[in-house]
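Worksheet: the structure to be examined is printed underneath.
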Amino acid sequence: MSHAEEGKSAPSHSSHSETSAGHSGRKIRVRVKRQDNPNALPYWQEFEVPYQPGHNVLSLLMELRKNPVDISGKRACPIVYDSGCLESVCGACSMVVNGKARQGCTALVDQLEQPITLEPMNKFPVVRDLAVDRSRMFENLKRVKAWVEIDGSHDLGPGPRQNPAEVRERYVMSTCMTCGVCLQVCPQFAIDNNFVGAQTINQVRLFNSHPTGEYQSDERLDAVMGNGGVEDCGNAQNCVKACPKSIPLHESIASVGRQATVRAFKKFVGL
Amino acid sequence: MTATSAAEASSGGCALSSADKSFLLRRLHSLTGIVPLGGFLLFHFFENASARRGPEAFNETVEKIASMPYLMVAEWALLLLPLIFHSVYGIYITRASRPVVAQYTHCRNIAYILQRVSGIVAFFYIAYHVVSTRFWALFVAGREITFQDMATKLSVPWVFALYIVGVLSVVYHFSNGLWSFSITWGLVRSDVGQKRLACVSMAICAVLSVVGIDILSAFVFKQSILSAFGI
């Protein structure tokens, strides 16, 4: 969902930002890589925003929308970006901040070197400015059946009892918000190849370790044992370093690798 | 690339089909790196270490290996074929790699890049090495290679330098390959296990590097470097 849309009239200045600018006179300098449409060439634009304590990149972008004028004084189109929860749960505001892929909402301006550079993630097709099309991840989730099949025409009864220790282990994996950061930093994942990446592989592990979800584990494994599956991982482990939810993605990849080994062996001997 | 083709790649390109052979080829690539190629590397170091005991000992080892039964079949089917597959497929899959260096300088990412660089260096080195020794012996000289042949070759400084770079690349590629092999096949899963294995693989890399250079030195100097220290 794009929060800043073309043609939307924005107030030139809010009284709040005027007063705080008057207080300090400090400015936050930000460079944004812009792209008008999926086929247009990208270009850079530089802006200045009056300093306010506690800004994050998203609140900075919101501030910019109020008065989108670049440093040369030229009126610019409001910057388009995705955002949702504003608290690092939805994953929508993933972008490249000062060269690192992360969420805009957790990128605190006071901790960033200026000028702050904002770029869209380049491993996904750009929709406009900082907004990218992340649907590849959702397609992959569908392919690996990243869900627990509980629907039936009759009451299926309660699920099996679960070991609390295993539930805790799975909880971490389930915190994935499909933000795409692990894929943006992956040297094996590219816009023009078909590697599924850590995000999908982690979901395979999550649902294969679920007592009801494991009924579909063979189908999930067959899906990630195809072209662009788990084998395309190169073990650079940038994913686990960059994951904003600290999911042990390298363990998930090794775990799915082990399941694939067993599955391949069983298929080979006809089990 | 245009965004339309990118959108196509992102929506239609992720064809995960179980009928695909890439899983099998990848696993075969991973396996051949350890068996037989890694195994042969260790054997090769072991046999060549006889050079430390002088020309006679080395030549004797060469003769002994040359008289091994089924040698021709073993060399072509168990060494050359896996070697060609491992290197050609390795280079093929490396083409898809887009290393991210600047922002991620942690050791696993560096190891990932080095694995690919060392693989390519090793490919050219091994090609040169096999042609100039084994193929030379088989098709040009018509006799087994001797200590003196190797000593003459290695006395040329750039050849010696090439051998050192080549041996170090092969050793690193094998040692780090042990680590990624274990993860690919799922032998090691946990974070702690992966970290410990990384330490072990780098220790193996260090030991084999020293042994490799020591063996090379045995051909060039009167005594190998380590034996000069009584090791």
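A few notes on this one:
- GNM top mover of A:P160, A:P120, A:P68 - chain A, alpha-carbon springs below 10 Å: A:P160
- For segment A:72-80, the Karplus equation 6.51 cos²θ - 1.76 cosθ + 1.60, evaluated at θ = phi - 60°, returns couplings of 7, x, 7, 6, 10, 5, x, 6, 8 Hz by residue, with Gly and Pro reported as x.
- Put simply, the amide H of A:I116, placed in the peptide plane, has neighbours under 5 Å in A:R29, A:V30, A:R31, leaving out anything fewer than 5 places away on its chain.
- Under a Gaussian network description of chain B, with springs only between Cα atoms under 10 Å, the residue in B:K64, B:K153, B:K195 that fluctuates furthest is B:K64.
- Shielding of A:28-37 by partner chains, average beta-carbon count, 10 Å: 0
- Going from the residue with the fewest nearby Cβ atoms within 10 Å to the one with the most, B:V200, B:V101, B:V220 rank B:V101, B:V200, B:V220.
- Taking 30 Å as the limit for the C-alpha separation, the pairs A:K33/A:K66; A:K245/B:K21; A:K33/A:K145; A:K241/A:K266 exceed it in the case of A:K245/B:K21; A:K33/A:K145; A:K241/A:K266.
- For chain A, complete DSSP H runs whose alpha carbons reach 27 Å or more along their own long axis and whose mean Kyte-Doolittle score is 0.0 or higher are A:249-269.
- The separation of segment B:171-231 from segment B:99-146, counted between C-alpha centres, amounts to 15 Å.
- The C-alpha atoms of chain B define a longest principal axis, and helix B:39-48 lies at about 20 degrees to it.
- Label point at B:S155 placed 7 Å out along Cα→Cβ; residues across segment B:30-55 whose backbone nitrogen lies under 17 Å: B:54-55
- Cysteines in chain A that, by Cβ-Cβ distance, have no pairing candidate under 4.7 Å: A:C77, A:C93, A:C105, A:C176, A:C179, A:C186, A:C233, A:C243
- Amide H to amide H distances under 5 Å link A:N56 with A:V109, where only residues 5 or more positions off or on other chains count and H is placed in the peptide plane.
- Secondary-structure-derived ellipticity at 222 nm for chain A, considering helices only, amounts to -9500 deg cm²/dmol, per-run term -39500 (n - 2.57) for DSSP H runs with n ≥ 4.
- Comparing A:H154, A:H250, A:H55 in a Gaussian network model of chain A (Cα springs below 10 Å), the most mobile by mean-square fluctuation is A:H154.
- Neighbour-count order for B:V117, A:V224, A:V204, fewest beta carbons within 10 angstrom listed first: B:V117, A:V224, A:V204
- For chain B, the longest principal axis of the alpha carbon atoms and the long axis of helix B:81-94 meet at an angle near 40°.
- The calculated 222 nm mean residue ellipticity attributable to helices in chain B amounts to -21500 deg cm²/dmol, summing -39500 (n - 2.57) over DSSP H runs of n ≥ 4 and dividing by all residues.
- Treating r as the C-beta distance of B:L81 and A:L156 and R0 as 41 Å, the FRET efficiency rounds to 0.20.
- Taking amide H as placed 1.01 Å from N in the peptide plane, A:S94 has its amide H under 5 Å from the amide H of A:G104, each at least 5 places away in sequence or on another chain.
- The separation of segment A:74-133 from segment A:192-271, counted between C-alpha centres, amounts to 29 Å.
- Order of A:V96, A:V148 under a 10 Å beta carbon neighbour criterion, fewest first: A:V148, A:V96
- Using θ = phi - 60° and Karplus 6.51 cos²θ - 1.76 cosθ + 1.60, couplings along segment B:49-66 (whole Hz; Gly, Pro as x): 4, 5, 4, 5, 8, x, x, 4, 4, 5, 4, 5, 4, 4, 4, 4, 5, 5
Every read-out reported here was derived from the displayed coordinates using simple, explicitly stated rules and does not represent laboratory data. These numbers were taken from a predicted model, which means no experiment stands behind them. Don't worry about glycine lacking a Cβ; one is built from the backbone with ideal geometry, like all the others, and counts go over all protein chains shown.
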